[in-house]
Amino acid sequence: MTVRVRFAPSPTGHLHIGGARTAIYNWAFARHHGGAFVLRIDDTDLERSTDENTAAILRSLRWLGLDWDEGPEAGGDFGPYYQTQRTGTYEPALERMKANGHAYPCFCTAETLETKREASRAEGGFSGYDRTCRNLDPSTVAARIAAGEPHVWRVAVPDDRGDIVIDDLVRGETRFPIDAMDDFILVRTDGSATYNFATVVDDWTMAMTHIIRGDDHLSNTPRQVVVYEALGAEVPTFAHMSMIFGADGKRLSKRHGATSVEAYAEEGFLPEAVLNYLALLGWSLDGETTLFDRETLVREFDLSRVSKSPAVWDPEKLEWMNGSYIREMSTDKFVDTMTPWLERAGFATAADVAARRDWFLSLAPLISERVKRFDEVADKVAFLFEEPTIEDSVRVKILEKDGAARALEAAAEVLATVEFHAEEIEAALRTVPEATGVKPKDAFQAIRVAATGTTVSPPLFESLELLGKERTLARMAAALELVTT
Ligand code: GLU
């Protein structure tokens with residue numbers, strides 16, 4: 001059997017973290033087994049589905065590096081891959097169910113049903129459909145349909161079926177009592193298929209072998225099993241993953257920070273890190289390893305190591321992981337990844353970076369050690385691209401401190417005579433405290449503030465080298481002017 005799995009997002013919003021994890025697990029499962037990863041867009045909610053959302057979902061999947069074998073833009077033998085284009089398959093499926101007595105029309109109006117439901121609820125009884133139309137005689141049914149009476153189509157849940165039991169690959173044996181299930185609707189009055197019917201027909205006609213999804217769908221599963229059986233179709237294997245919760249024990253939502261994959265891209269997270277982090281959200285490689293690449297995930301992925309308990313979203317761990325990936329990057333890759341962030345800040349264009357690649361390559365290691373996300377880069381390198389403004393409090397505290405001006409003057413003097421490389425700069429500046437009697441810490445802080453505008457900058461000597469002699473000296477002169485006039 002060739003494994004076939006699908007990710008079936010509804011394009012009613014962008015790809016969020018939970019959806020992305022579902023996609024990753026399906027993708028990794030397919031790749032691990034050499035099967036097919038299918039992308040189907042469940043766009044039947046016409047009011048809330050948009051092309052823009054679909055485009056954003058495809059973008060996010062690609063950003064994460066999840067390639068699909070069949071689906072939008074990829075094509076495939078089991079298309080179409082948009083649910084709204086698959087309606088043609090629902091009618092024959094319904095016919096099949098009618099023919100074997102597993103579907104019947106129901107003429108009960110919404111009002112009648114509501115009245116009955118209320119009465120039944122008041123008595124504490126079964127609130128599902130009471131099967132009024134299940135045993136209408138065939139001639140009555142034919143006549144009412146011929147007369148154009150509005151009706152839905154319901155599934156006839158078998159009386160002798162017994163409880164539904166699935167062997168869930170994550171949750172193990174899971175039992176659903178059959179008497180809790182009513183004859184639910186397959187096709188609405190307007191001819192449209194309900195979610196449980198459409199999904200099963202799609203999954204069946206697309207030859208899905210495994211359905212891997214969030215356990216928010218668990219309540220749909222027994223209904224879907226009933227539909228598979230009514231169709232005479234083989235029931236796929238299910239795997240339901242637990243939901244993702246915030247540290248407060250509530251389901252992950254905007255309240256816990258960014259929830260869309262794109263927002264993480266915008267904040268300067270790396271796709272490798274997000275993929276790694278999400279893969280571990282409910283799955284473990286060996287209970288120890290936290291950092292692994294895509295190939296390892298594919299090689300090791302196994303649904304039996306997906307946890308039944310809820311996964312807890314930990315933004316700090318994600319940041320830590322992102323920082324680890326950043327530090328492991330090659331200098332070249334860091335420069336390439338940093339470039340768009342420099343462009344966005346208006347500091348340098350891709351052409352500037354290409355023209356002075358060596359300079360940017362020297363800058364990279366100073367920054368990569370100090371950021372966990374790329375959106376922190378601009379701030380850290382700003383002093384190299386624009387004249388710093390020294391805050392009043394910093395000026396008072398650092399530059400107006402006793403001896404600071406003296407140290408600056410001495411520093412400017414020695415720097416004027418050296419080759420502008422970090423080691424020479426360091427050797428020259430190390431003479432300043434002794435020559436001036438200013439404490440090393442105070443002297444270096446004054447130089448740092450003069451050159452970079454802040455007390456926290458990348459390492460001083462390397463920073464000055466990158467800034468260059470001319471600009472360093474000009475900034476020192478400007479700082480001196482600030483404190484002596
Ligand atoms: N379109 C459904 C959703 O986004 C898919 C459900 C399923 O996986 O069966 O929730």
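A few remarks follow.
- Tally of residues being within 13 Å of the ligand (Cβ to nearest atom) and over 24 Å from the mean Cα position of the chain (by Cα) across region 209-231: 8
- Residue match in region 400-418 (condition: under 49 Å from the mean Cα position of the chain (by Cα), at pLDDT 95 or above and not small (Gly, Ala, Ser)): no
- Contact annotation: residue pairs with Cβ atoms under 6 Å, 6 or more positions apart or on different chains, pairing a residue in region 443-463 that is among the small types (Gly, Ala, Ser) with a partner that is assigned to a loop (DSSP other than H, G, I, E, B) and crowded, with 18+ Cβ neighbours inside 10 Å, are 453/388; 453/390; 463/457.
- Residues being of a type in the set (Val, Ile, Thr) and without any contact (Cβ under 8 Å) to a residue 60 or more places away in the chain - total across region 292-346: 5
- Residues being in contact (Cβ under 8 Å) with a residue 40 or more places away in the chain and part of a strand (DSSP E or B) - total across region 151-171: 8
- With respect to the conditions (1) buried (at least 19 other Cβ atoms within 10 Å of the Cβ); (2) hydroxyl-bearing (Ser, Thr, Tyr); (3) free of Cβ contacts under 8 Å to residues at least 40 places away in the same chain, residue 417 falls short on a single one, namely (1).
- Of residues in region 191-207 being under 17 Å from residue 152 (Cβ atoms) and polar (S, T, N, Q), the one farthest from the ligand (Cβ to nearest atom): 192
- Any hit, region 61-69, residues being more than 14 Å from the ligand (Cβ to nearest atom), farther than 30 Å from residue 255 by Cβ and either in contact (Cβ under 8 Å) with a residue 40 or more places away in the chain or out of contact with any strand residue (DSSP E or B) (no Cβ under 7 Å at 6 or more places or on another chain) (or both): yes
- A count restricted to region 295-318 and to residues that are in a helix (DSSP H, G or I) and in contact with a helix residue (DSSP H, G or I) (Cβ under 9 Å, 6 or more places away or on another chain) stands at 8.
For every residue, the table says whether it meets (1) aromatic (Phe, Trp, Tyr); (2) at pLDDT below 95; (3) surrounded by 17 or more Cβ atoms within 10 Å (Cβ to Cβ).
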{"position": "182", "(1), (2), (3)": "no, yes, no"}
{"position": "189", "(1), (2), (3)": "no, no, no"}
{"position": "193", "(1), (2), (3)": "no, no, yes"}
{"position": "198", "(1), (2), (3)": "no, no, yes"}
{"position": "203", "(1), (2), (3)": "no, no, yes"}
{"position": "212", "(1), (2), (3)": "no, no, yes"}
{"position": "236", "(1), (2), (3)": "no, no, yes"}
{"position": "241", "(1), (2), (3)": "no, no, yes"}
{"position": "253", "(1), (2), (3)": "no, yes, no"}
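- Just so you know, in region 138-150 the residues that are assigned to a helix (DSSP H, G or I) and of a type outside the set (A, V, I, L, M) include one that is surrounded by the most Cβ atoms within 10 Å (Cβ to Cβ), and it is 144.
- The one condition from (1) out of contact with any strand residue (DSSP E or B) (no Cβ under 9 Å at 6 or more places or on another chain); (2) in contact (Cβ under 8 Å) with a residue 40 or more places away in the chain; (3) over 30 Å from residue 43 (Cα atoms) that residue 131 does not meet is (1).
- Hits in region 22-60 (condition: away from the ligand (no atom under 16 Å from the Cβ) and of a type in the set (Asp, Glu)): 51, 52
- Residue within region 266-284 that is out of contact with any helix residue (DSSP H, G or I) (no Cβ under 8 Å at 6 or more places or on another chain), without any contact (Cβ under 8 Å) to a residue 12 or more places away in the chain, of a type in the set (A, V, I, L, M) and under 28 Å from residue 210 (Cβ atoms) present: yes
- Those residues of region 199-229 which are touching a Leu at 6+ places or on another chain (Cβ under 9 Å) and of a type in the set (A, V, I, L, M), in sequence order: 200, 201, 212, 227
- Filter result (of a type in the set (Ser, Thr, Tyr) and surrounded by fewer than 17 Cβ atoms within 10 Å (Cβ to Cβ)) within region 340-377: 349, 362
- In region 423-434, the residues that are closer than 14 Å to residue 448 by Cβ and among the aliphatic types (A, V, I, L, M): 425, 429, 432
- Pairing residues of region 6-18 that are under 18 Å from residue 282 (Cα atoms) and touching a residue at least 40 places away in the same chain (Cβ under 8 Å) with residues that are of a type in the set (Lys, Arg) and more than 10 Å from the ligand (Cβ to nearest atom), at Cβ distances under 9 Å and at least 6 apart in sequence or on separate chains, gives 18/251.
- Residue check, residue 36 in contact with a helix residue (DSSP H, G or I) (Cβ under 8 Å, 6 or more places away or on another chain), crowded, with 17+ Cβ neighbours inside 10 Å and in contact (Cβ under 8 Å) with a residue 60 or more places away in the chain: no
The values are calculated or read from the model by the stated rules, or taken from the named source; none is laboratory data. Every value quoted in this text rests on a predicted model; they were computed, and no experiment measured them. Heads up, the Cβs are rebuilt from the backbone with ideal geometry, glycines too, and the neighbour counts pull from every protein chain shown.
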